[in-house]
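Notes for the one structure printed next.
The values are calculated or read from the model by the stated rules, or taken from the named source; none is laboratory data. Computed from a predicted model, the values in this text were never measured in an experiment. Note: ideal-geometry Cβ built from the backbone for every residue, glycine included; neighbour counts use all protein chains shown.
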Amino acid sequence: MAFEEVGVRAVVDGFGPYMGKLGQMEQKTESFGKKLGAAVKKGGLIAGAALAAVGAISIKTFGDFDAAMTQSLAIMGDVSDVMRTDMSDAARKVALTTTFSAEEAAEAYFFLASAGMSAQQSLIS
């Protein structure tokens, strides 16, 4: 039994230097994990801020377009809901197929109405 005990102690004593290294590795891994967690959190905050900015820009762009459409339609007189929708859709389509924004297309309706064109005539133009 004494031989077995000596053999086990020799093996355990042989692990002494490795146990210190394992402890160091554990500390480094824990430190890396904390740094990685902080980086992910910071990245999440940055991504969240970017999404909020995109949302704010989208809301402002929609608001600008809506204001331009309202101003343009106001001088055209009685325009049906269907005609309003058609004109909004046409302004957005212009924005997709030309260098003009939807807001600029909506503003163009104002100038067409100022020139005496009706909503129907403006839509055809």
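Scanning the stretch 99-125 for residues that are within 33 Å of the chain's Cα centre (by Cα) and outside any loop (DSSP other than H, G, I, E, B) yields Ala102, Glu103, Glu104, Ala105, Ala106, Glu107, Ala108, Tyr109, Phe110. Select from the stretch 71-99 the residues that are basic (Lys, Arg) and farther than 14 Å from Ser118 by Cα and write down the one among them that is surrounded by the most Cβ atoms within 10 Å (Cβ to Cβ). Taking the candidates together, the pick is Arg92. Checking Asp66 against (1) at pLDDT 85 or above; (2) surrounded by 13 or more Cβ atoms within 10 Å (Cβ to Cβ), which test does it fail? All conditions pass for Asp66, except number (1).
Taking the criterion of being assigned to a loop (DSSP other than H, G, I, E, B) and of a type outside the set (A, V, I, L, M), the residues of the stretch 74-98 that qualify are Gly77, Asp78, Ser80, Thr98.
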